[in-house]
Amino acid sequence: MTQTKQIKKIPIEEVMEFFNSEGMEVTQEEAEKIMEFLYSLTLIVIKKYFDNDEE
C-alpha cells in the first residue's frame, strides 16, 4: 500500500526569523529555496529509510 508522504510546512516568515536570530540575513526568496531543498531532502531520507513498500 503506497501512501503519499506529507510534511508540515513551516511559514517562510518563521524561517527568516530563525536565520536572523542566528545572525544570517536571508531574503524571502532565499528562505523559500532553502526550505524547498530541505523538504526534498527530508522526503528522500524518509523514502530511503522508512518506506517499507520495497521489501
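The values are calculated or read from the model by the stated rules, or taken from the named source; none is laboratory data. This one's a predicted model, so the numbers in the text were calculated from it and none came from an experiment. Heads up, the Cβs are rebuilt from the backbone with ideal geometry, glycines too, and the neighbour counts pull from every protein chain shown. The accessibility values were calculated without ligands, DNA or RNA, using every heavy atom of the protein model including side chains. Shrake-Rupley method; radii C 1.70, N 1.55, O 1.52, S 1.80 Å.
Numbers at a glance
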read-out: The stretch 5-23: number of residues that are at pLDDT 95 or above, within 30 Å of residue 51 (Cα to Cα) and either open to solvent by 90 Å² or more (accessible area, probe 1.4 Å) or over 15 Å from the mean Cα position of the chain (by Cα) (or both); value: 1
read-out: Condition check for residue 47: part of a helix (DSSP H, G or I), surrounded by 10 or more Cβ atoms within 10 Å (Cβ to Cβ) and at pLDDT below 90; value: yes
